[in-house]
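Shown next, in structure tokens, is the structure this report addresses.
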Amino acid sequence: MTDVAERRLAGHPNKLPRPKGELEALEKAWELPQGWRIISAVNNTVIGYFYVGAALLFFLLAGILALLMRLQLAVPSNTFLSQETYNQIFTMHGTVMMFLFAVPVVEAMGVLLLPQMLGARDLPFPRLSAFAFWAYFVGGLIFFATLFFDLAPSGGWFMYPPLTSTQYSPGMGADFWLLGIGFIEISAIAGAVELIVGVLRTRAPGMTLDRMPMFAWTMLIFAGMIVFAFPAVILATMLLELERAFGWPFFIPQKGGDALLWQHLFWFFGHPEVYIIFLPAAGMVSMIVPTMARTPLAGYRLIVVALIATGFFSFGLWVHHIFTTGIPAMSLGFFSAASMAVAIPSGIQVYSWIATIAAGRLRWSTPSLFVLGFLFIFTLGGLTGVMVAMVPFDWQAHDTYFIVAHLHYVLVGGMVFPLFAAFYYWAPAFSRRALSERFGKATFWLMFTGFNVAFFPMHISGLMGMPRRVYTYPEVMEWGVLNMISTVGAFLFAAGVLVFLIDLVRNLRPTVTEPIGNVWNASSLEWMHNHVYGPRSVPLVESRDPLWDQPGLSEESKAGRHYLPGTVTGVRETIVTSPIEAVPQALLRLPGYGWTPILAAVFTAGFFMLLTVKATALALLSGMLAVVAILIWMWESDPKPLPRAEIGHGIKVPTYVSGSLSHSWWAMVVLLLVAGSLYLAYVFSYLYLWTVSPQVWPKPAQSPALSWPIIAALLLAASSGLILWAGRTLPANFRNRLAFCVLIGSAIVALVGGLAIEVFAQWRMGIRPDADAHAAMIYMASFLQLELTLALVVMAGFAIARSIAGLLNRRRRVVYDNLGLLWHYTVLQGLFGLLLVHGFPRLVG
Amino acid sequence: MSPARPRVRPLVDLLRLFVPPGIWFAQFTTVYLAEALMCTPPVARPGALIWTGAAATLTALAALIAFAFMQGRRADRIERTGAAFLHDAALWLALLSGLAVIWTAFPFAVLPTCTPPAG
Amino acid sequence: MKRSPQGLAAAAALLLLAGCGIDVQSVLTPRGTQAGQIANLAWIVFAFGAAVLTLVMAAVWAAIRGSSRLRGALAQDRTIVVLGLIFPAVTLTLLLGYGVWLMRIQLAPSASTDTFHIEVTGEQWWWRVAYGGAGIASANEIRIPVGRPVHFTLKASDVIHSFWVPSLGGKVDMIPGRTTAARLTAEREGIYRGQCAEYCGGPHALMAFEVVALPSAEYDAWLAREAAPARVPSSAQEQRGQSLFIAAGCGACHAVRGTAAAGTIGPDLTHLGGRRSVGIDTMPLTAENMTRFIANSQHVKPGNQMPEFRIFSADEHAALAAYLLSLR
């Protein structure tokens, strides 16, 4: 810690007794809405409960689908499920498990645990988490319900075209997947923004990066990976939906498209996705093992290295899902090499946990059992992964039950087992009663045995030739015995889950006041006395294991001797600290409960779902209502600057910061990274299609004359200039406010004009997006530009309104700064698009 | 523990952790892109592929070694503040990334260029 | 399969697995060169995997129950680096090298000058086959010569399929708009089963086929017969069957070379009588099954593109079946 920081922080804790009414004011600021109105809550504990509950619900639903599949496959030539029903069920099982359970549940654990673990009172954007949750929940329920109307998709969870193109999947099922899942990804991205800002900017003072709990590291890397991986599948989803709805032929070979483009985009997301799912679970294990072994985590630094290496290497593996598609051998070799490389960080983590156990004395408990089960199952899964990383072996094992076995070993072993360990471990921090150890052990043994009995035989049936995604198999192949064993195992596993559910109902009593507490004598901050506002006062952290190394910390915090023992401004607050050394930098005022997030979520879900069933007018109405809700929500943000506030220990910090100190600036930067990744995926797709179908790229004579893009570019650049100029007019007086509005307004016109000119230029040459893949790509650039332009128009209008209302000035400038960030990015993206679309054909023509 | 000019460590110290794996990612992307471009009809220059790959690999390894060296030097100058471990972490990442770079170069050395599977 | 310690170990393991499925579609009972090489690789990686899993579980056990000296050693950072980084780096380098080297072998251009060429196109939900340079058309059952490398050119006419005969070699996807290739060499006579290995909707599960490997001389004779136009119906019943075939419009989808039937939407039937199965590969070619497929194809293979023909009387069915079975 730096000298200044030390001087600032080393002061004695706050004096006692604390002023009268301080605790009451804190509790009042954080009080929850009563009764059914709890659904308007936004704080992380309540949203965390909802989130975990919803994810578990989807786990159960998708698990029932799996049991149905196993019943159908238990005997050869079975007629329990029809072909079409089975095809829908296996598609939904995979889709719901991956998109509605796996990623949301680890995100939910982050929402629930992280703030308290970091010593923060809440996540930095509580309403955003609420919105993300409700969007996911409502959208997910609607999506699952398609099964009951015979409208579920049946193209497999990775939905390969041309099978999922309109010609071969004429119904609405594929559209439900594309629009439904596409929109649920908004939740994941919102979560990622929340987590990056939360982990890097709202830790307790003194919690430097190397004192940060390992779970926080994994959630940080998890969030970073989401930022770069999800956009690829979002783009793919957009492309396929545009193809299905309007005939833009991205994947239709006869018009220059390529089916493999989808596979590249999907798996560029899909492979990091599985590490996105695994890393938080590994983080949970890294919290549980030290507590159970009663010793600090061994190899902390090495584990951080392993996590970052995993995060990066996992982006270089995606082709190992498509080794059999005829891609040239050398390319396959690169991906085989990278797939081996990613095994090493996992090895480092496993041996670090073993080292921790060896350094301590492991106590036998349900969480320990689940961790040991995880070690066995995940290691086995990782090893079959190394096997299929070898290309020739994969040529046999790909798309067989060997892969089904592998993926379940790594996903169930690598995430579900740690998750159950986490439930049993953290229940005492959130519930008035702990879960039952007796039931827990029964759950473990049923799940562990059932899992291995169900999935180990699949390695064999796969090697005996049984492919994936088959609704039945013939008697003559003699796969019946193995399948029957698998079915029995599946039901054993389900029995374990049932025992867990019974235990939950009997014992879990979620609370926001006095949970049963630190029964395991754990060392991290979430085990201090835990209320809806986290700890009574935000502790000064001096160690990686604060509750072990700082005796009396919990009592000191509870007595109000540390930071923020009450509320300075009367509303909910937390402390913003510097990303690496956790030096206090500002006081962050947080919103309380309200209806705008849930309404915005419901109307956004409505927009996407109504579009799917082609009720366009209703969809647009729903979308507009969503925008209205969001505008109201935004209007209530950005509270006005107040005098510097004392947060305790004699330290005063500003109550309003802008520029790179602002947490919302950070959020906008993360969003720009998402937008940039999306655009990069587009550029990749453009160049990729050119290598596949150069014949549909136009000769220069067929492209619009250069004057058109030049004019468009000038308009775009002008709009940026106008925005910059508007920034100079921020001081609040009438003339400047007028200038500000005029400048912003003109910038809007220039921005929209730049886009319109480009579209018009293409259109008047007779180029139509459904003509061929190249034309579709041209219009796609404008489509991506349009999405940002629309957002900017709304944001600019909002900025004008804030300015007129006197709520935007030189000091209170966050709204303008964020507008500027997105604006300049959009202009750069637009300029690059013009260069690509008009320059590239001339370069190669 | 009292340096002359205390500072709040800038974010760049954390971002520096991402340099070594970023170098690997750059080498990986370069060789993959080179293969994709040079083996498709529009470009079709298999010979250049070998040179590109070798150059990318050697550059990446050199960059990693240079980075590790500079990190080592930097570590001496940095005050032992709370997150000093970031320096060590970057060195370990350089090692892992170097391994990945070498492995990525294997197929280069062994496999024929531009041959689709099963001739 | 070569006689080797690996082979013996493989055989022993197979005895254990013998109750787990017949071996005509098994990765672990290779009958072709490529499959054999992959099976060797497979046994080695299985052994590696088993060893590493044992090592990890032993380390876990030692960490919990071992002597304090052993536990002290396991708790060191150095041990984490040796076991978690150095050991995998070394072993995986070897494995990666082996895998890449095997890829090189399997992709090396064939030294042999007598490679035989077959083109297979994946259709929803059957296999269009064309033999040799002349493109002799057939469907669903593939015959290859023993001991000669066969080069398969693979295409897809609608959605993505995948061509996979595990006894002979790895799978290769068939992607619309692209041409891929596989090279397989059967090392002994036999009948092997293959199955579509990329979900293609509908009755994907039933899209299988048999590969019949014949000794060279026999194969050449068969190919010559296959190249010839359809056998002329001899008996009255067969002739009646032929006229029914044409009258019912079957020729719009199916081709019988040498007759008016020239449709290419469905499988070529010129030498249907010489195949082992009809409709799906597990339904042997008999008169009864032929009738079943014509009248009830949606029950046999739900979702397939052939409509059910309920317009024939029992007599007519018998004649049709007799005709089609006569097309040897």
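The values are calculated or read from the model by the stated rules, or taken from the named source; none is laboratory data. Since this is a predicted model, take the numbers as computed values, not measurements. All Cβ positions, glycine included, derive from the backbone under ideal geometry; neighbour counts span all protein chains shown.
Condition (residue is within 30 Å of C:ALA182 (Cβ to Cβ), at the interface with another protein chain (Cβ under 9 Å from one of its Cβ atoms) and within 26 Å of the chain's Cα centre (by Cα)) applied to the range C:80-94: is it met by at least one residue? The answer is no, given that none of the residues of the range C:80-94 is within 30 Å of C:ALA182 (Cβ to Cβ), at the interface with another protein chain (Cβ under 9 Å from one of its Cβ atoms) and within 26 Å of the chain's Cα centre (by Cα).
For the range C:226-241, state whether one or more residues are within 20 Å of A:GLN83 (Cα to Cα) and out of contact with any Cys (no Cβ under 8 Å at 6 or more places or on another chain). No, the range C:226-241 has no match at all. Checked against (1) more than 26 Å from A:ILE327 (Cα to Cα); (2) at the interface with another protein chain (Cβ under 8 Å from one of its Cβ atoms); (3) of a type outside the set (A, V, I, L, M, F, W, C); (4) buried (at least 16 other Cβ atoms within 10 Å of the Cβ), C:PRO145 meets all criteria but (2). State yes or no: is A:GLY360 within 14 Å of chain B (Cβ to nearest Cβ) and either in contact (Cβ under 8 Å) with a residue 12 or more places away in the chain or not aromatic (Phe, Trp, Tyr) (or both)? No; evaluated as a whole, the condition is false for this residue.
State yes or no: is A:PHE376 surrounded by fewer than 24 Cβ atoms within 10 Å (Cβ to Cβ), within 7 Å of another protein chain (Cβ to nearest Cβ), part of a helix (DSSP H, G or I) and among the hydrophobic types (A, V, I, L, M, F, W, C)? Judged against the criteria, A:PHE376 is a match.
With the condition kept exactly as written, say whether any residue in the range A:420-432 is in a helix (DSSP H, G or I) and within 14 Å of chain C (Cβ to nearest Cβ). No; the residues of the range A:420-432 include none that is in a helix (DSSP H, G or I) and within 14 Å of chain C (Cβ to nearest Cβ).
Considering the range C:295-324, and only residues there that are in contact with a strand residue (DSSP E or B) (Cβ under 9 Å, 6 or more places away or on another chain) and assigned to a helix (DSSP H, G or I), the residue that is nearest to C:ALA205 (Cα to Cα) turns out to be C:VAL300.
If the condition is being closer than 12 Å to A:VAL350 by Cα and touching a residue at least 12 places away in the same chain (Cβ under 8 Å), then the range C:78-99 contributes only C:LEU83. Kindly check whether there is at least one residue in the range A:439-461 that is surrounded by fewer than 19 Cβ atoms within 10 Å (Cβ to Cβ), touching a helix residue (DSSP H, G or I) at 6+ places or on another chain (Cβ under 9 Å), basic (Lys, Arg) and at pLDDT 95 or above. Yes, the range A:439-461 contains a residue that is surrounded by fewer than 19 Cβ atoms within 10 Å (Cβ to Cβ), touching a helix residue (DSSP H, G or I) at 6+ places or on another chain (Cβ under 9 Å), basic (Lys, Arg) and at pLDDT 95 or above. Selection of the range C:256-297 for residues being surrounded by fewer than 21 Cβ atoms within 10 Å (Cβ to Cβ), small (Gly, Ala, Ser) and closer than 15 Å to C:LEU325 by Cα yields C:GLY273, C:GLY274, C:SER277, C:ALA287. If you filter the range A:184-229 down to residues that are of a type in the set (Phe, Trp, Tyr) and surrounded by 24 or more Cβ atoms within 10 Å (Cβ to Cβ), you find that the one that is nearest to A:ALA130 (Cα to Cα) is A:PHE222.
State yes or no: is A:PRO115 in contact with a Lys or Arg (Cβ under 7 Å, 6 or more places away or on another chain) and assigned to a helix (DSSP H, G or I)? For A:PRO115, the condition - in contact with a Lys or Arg (Cβ under 7 Å, 6 or more places away or on another chain) and assigned to a helix (DSSP H, G or I) - is met. Of the residues in the range C:59-77, not one is among the aliphatic types (A, V, I, L, M), free of Cβ contacts under 8 Å to residues at least 40 places away in the same chain, surrounded by fewer than 14 Cβ atoms within 10 Å (Cβ to Cβ) and more than 7 Å from chain A (Cβ to nearest Cβ). The residues of the range A:688-707 that are buried (at least 16 other Cβ atoms within 10 Å of the Cβ) and either of a type outside the set (Phe, Trp, Tyr) or not in a helix (DSSP H, G or I) (or both), listed by number, are A:LEU689, A:VAL692, A:SER693, A:PRO694, A:VAL696, A:TRP697, A:PRO698, A:SER703, A:PRO704. Exactly one residue out of A:THR324, A:THR400 is within 14 Å of chain B (Cβ to nearest Cβ) and in contact with a strand residue (DSSP E or B) (Cβ under 6 Å, 6 or more places away or on another chain), and it is A:THR324.
Considering (1) without any contact (Cβ under 8 Å) to a residue 60 or more places away in the chain; (2) within 14 Å of chain A (Cβ to nearest Cβ); (3) under 30 Å from A:GLY326 (Cβ atoms), the lone condition that C:ARG276 does not fulfil carries the number (1). Residues that are within 12 Å of A:ARG469 (Cα to Cα) and aromatic (Phe, Trp, Tyr) within the range A:71-92 comprise A:TYR86, A:PHE90, listed in sequence order.
Take residues that are charged (D, E, K, R) and tell me which of the strands (runs of 3 or more DSSP E) falling wholly in the range C:74-154 contain 1 or more. Result: C:116-123, C:126-131, C:141-145. Sub-9 Å Cβ pairs linking a first residue in the range A:239-257 that is under 17 Å from C:GLY177 (Cα atoms) and within 10 Å of chain C (Cβ to nearest Cβ) to a second residue that is assigned to a loop (DSSP other than H, G, I, E, B) and among the β-branched types (Val, Ile, Thr), at least 6 apart or interchain, are A:PHE251/A:THR164; A:PRO253/C:ILE175, ordered by first then second residue. Assess whether A:ASP394 counts as being over 28 Å from the mean Cα position of the chain (by Cα) and of a type in the set (Asp, Glu). Criteria met by A:ASP394. Of the listed requirements (1) in contact (Cβ under 8 Å) with a residue 60 or more places away in the chain; (2) closer than 19 Å to A:ALA490 by Cα, A:TYR409 misses just one: (1). For the residues C:ASP114, C:ASP77, the requirement of being more than 27 Å from the chain's Cα centre (by Cα) and acidic (Asp, Glu) singles out C:ASP77.
For beta carbons closer than 7 Å, sequence separation of 6+ or different chains, a first residue in the range A:179-204 that is under 24 Å from A:THR577 (Cβ atoms) and in contact (Cβ under 8 Å) with a residue 60 or more places away in the chain and a second that is polar (S, T, N, Q) and crowded, with 23+ Cβ neighbours inside 10 Å, the qualifying pairs are A:GLU194/A:SER129; A:ARG201/A:THR577; A:THR202/A:THR574; A:THR202/A:THR577; A:ARG203/A:THR577.
If you check A:GLY326, A:GLY333, A:GLY311, A:GLY299 for being surrounded by 24 or more Cβ atoms within 10 Å (Cβ to Cβ) and farther than 30 Å from A:PRO546 by Cβ, only one passes: A:GLY333. Can we say C:THR185 is more than 7 Å from every other protein chain (Cβ to nearest Cβ), of a type outside the set (A, V, I, L, M) and free of Cβ contacts under 8 Å to residues at least 40 places away in the same chain? So C:THR185 does not fit the description; no. One residue stands out among those in the range C:201-239 that are aliphatic (A, V, I, L, M) and assigned to a strand (DSSP E or B): the one that is surrounded by the most Cβ atoms within 10 Å (Cβ to Cβ), which is C:ALA213. Within the range A:780-787, does at least one residue satisfy the condition of being at pLDDT 95 or above and surrounded by fewer than 16 Cβ atoms within 10 Å (Cβ to Cβ)? Checking the range A:780-787: at least one residue is at pLDDT 95 or above and surrounded by fewer than 16 Cβ atoms within 10 Å (Cβ to Cβ). Residue pairs whose Cβ atoms lie under 7 Å apart, separated by 6 or more positions or on different chains, with the first residue in the range A:144-165 and in contact (Cβ under 8 Å) with a residue 60 or more places away in the chain and within 7 Å of chain C (Cβ to nearest Cβ) and the second among the aromatic types (Phe, Trp, Tyr) and part of a loop (DSSP other than H, G, I, E, B), are A:GLY156/C:TYR199; A:PRO162/A:TYR168; A:PRO162/A:PHE251.
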